[in-house]
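Worksheet: one structure, shown below.
Values in this text are rule-based calculations from the coordinates and carry no lab data. Computed from a prediction, not measured in an experiment: that's the story for all the values here. Positions of Cβ are generated from backbone atoms using ideal geometry, with glycine treated the same way; all protein chains shown enter the neighbour counts.
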Amino acid sequence: MNEQGRQHKKAWEYDAYNFWVRQNGTPEERAREDMEDPRKMLRKYADYFDRFEGVRIANICGSCGKKAVPLALLGADVTVFDISEDNRRYATETARAAGVPLNYEVGDVMEIDLRKYGGYFDVVFMEGGILAYFHDIGAFMTIMYTLLKPEGKMICSDFHPFIKIMDTLKLETPTMSYFSTDVFEGEMAHARFYDEETRKQFPKCLYRRYTVSEIINAIIGAGFVLRSFDEHPAWEDRTLPGEFTAVAVK
């Protein structure tokens, strides 16, 4: 794992398990909520899947399993790839409480064992603002392409590039030129939920924000056929862009 990966791992393992318990409840409590209506827990993403039963899904940077466990409850064969051992602990304990299998690989996504997982998955799925952690989006998309079977689908949902110039999602992230290619140091996602003193102690992450054209061109450049690119409104102000979902096939 390179220095960037080690820095991100340190940040995402800083009090992460305790954070998820405070945010989502204990794994047992979260499992009960997931089991009540797993499709609802997938939110808008459910409509991007053709089916669930028996589908092999790679959940990239799947974090605490908030989407992986509902997918498994719907019958999918889910493997999470994530850098945090704390995230793995919460996700696997939730899956166990929900009574579903969940494969969880801890490590750098850019170092996935492609001898084992190349051409293995029907769907590669990611959401929740992960692209900024990867500073070579072309190389990232090439790995996503390699993970899929022929005719497999990638569902890539992320924060809308508009947040580069306006914090439409209220994430307390810095704004910059829309066309900036700078890598910058910033707080990890959970830090803003802590008191100021604790917040100062959080390890930082290194981010690189992309434009719409950079994302689309990386998808096409990796060999994908882009099927759709949907834009979604911000969570609080629905007149502004907040997220997008790109669907592409191998």
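Descriptive notes on the structure:
- So Glu28, is it without any contact (Cβ under 8 Å) to a residue 24 or more places away in the chain and farther than 19 Å from Ala191 by Cβ: no
- In this structure, Ser157 does satisfy being assigned to a strand (DSSP E or B), among the polar types (S, T, N, Q) and either surrounded by 18 or more Cβ atoms within 10 Å (Cβ to Cβ) or more than 18 Å from the chain's Cα centre (by Cα) (or both).
- Here Tyr45 qualifies as surrounded by fewer than 23 Cβ atoms within 10 Å (Cβ to Cβ), touching a residue at least 60 places away in the same chain (Cβ under 8 Å) and assigned to a helix (DSSP H, G or I).
- Candidate set: the stretch 162-172, residues that are surrounded by fewer than 19 Cβ atoms within 10 Å (Cβ to Cβ) and of a type outside the set (Asp, Glu); chosen: the one farthest from Glu236 (Cα to Cα): Ile165
- Residues of the stretch 61-88 classified as free of Cβ contacts under 8 Å to residues at least 60 places away in the same chain, assigned to a helix (DSSP H, G or I) and not β-branched (Val, Ile, Thr), total: 6
- Among the residues making up the stretch 144-154, those that are closer than 13 Å to Arg227 by Cβ and surrounded by fewer than 24 Cβ atoms within 10 Å (Cβ to Cβ) are Glu151, Gly152, Lys153.
- Exclusive hit being part of a helix (DSSP H, G or I) and touching a strand residue (DSSP E or B) at 6+ places or on another chain (Cβ under 8 Å), set Ala91, Ala58: Ala91
- Scanning the stretch 93-139 for residues that are free of Cβ contacts under 8 Å to residues at least 60 places away in the same chain, closer than 18 Å to Arg208 by Cβ and either surrounded by fewer than 16 Cβ atoms within 10 Å (Cβ to Cβ) or small (Gly, Ala, Ser) (or both) returns Asp136, Ala139.
- In the stretch 52-83, the residues that are surrounded by fewer than 24 Cβ atoms within 10 Å (Cβ to Cβ) and on the phi > 0 side of the Ramachandran plot: Gly54, Cys61, Gly75
- Of note, Glu111 does not satisfy the criterion of being out of contact with any Cys (no Cβ under 9 Å at 6 or more places or on another chain) and either more than 25 Å from Tyr145 (Cα to Cα) or small (Gly, Ala, Ser) (or both).
- Of the residues making up the stretch 167-214, those that are touching a helix residue (DSSP H, G or I) at 6+ places or on another chain (Cβ under 6 Å), free of Cβ contacts under 8 Å to residues at least 40 places away in the same chain and not in a loop (DSSP other than H, G, I, E, B) are Ala191, Arg199.
- Filtered residue count, the stretch 196-237, keeping only those that are over 24 Å from Ala11 (Cβ atoms), surrounded by fewer than 16 Cβ atoms within 10 Å (Cβ to Cβ) and of a type in the set (Phe, Trp, Tyr): 1
- Residues (exposed (fewer than 14 other Cβ atoms within 10 Å of the Cβ), more than 19 Å from Thr211 (Cα to Cα) and either aliphatic (A, V, I, L, M) or out of contact with any Phe, Trp or Tyr (no Cβ under 8 Å at 6 or more places or on another chain) (or both)) located in the stretch 173-193: Arg192
- Filter result for Ala95 (of a type in the set (Gly, Ala, Ser) and touching a Cys at 6+ places or on another chain (Cβ under 9 Å)): no
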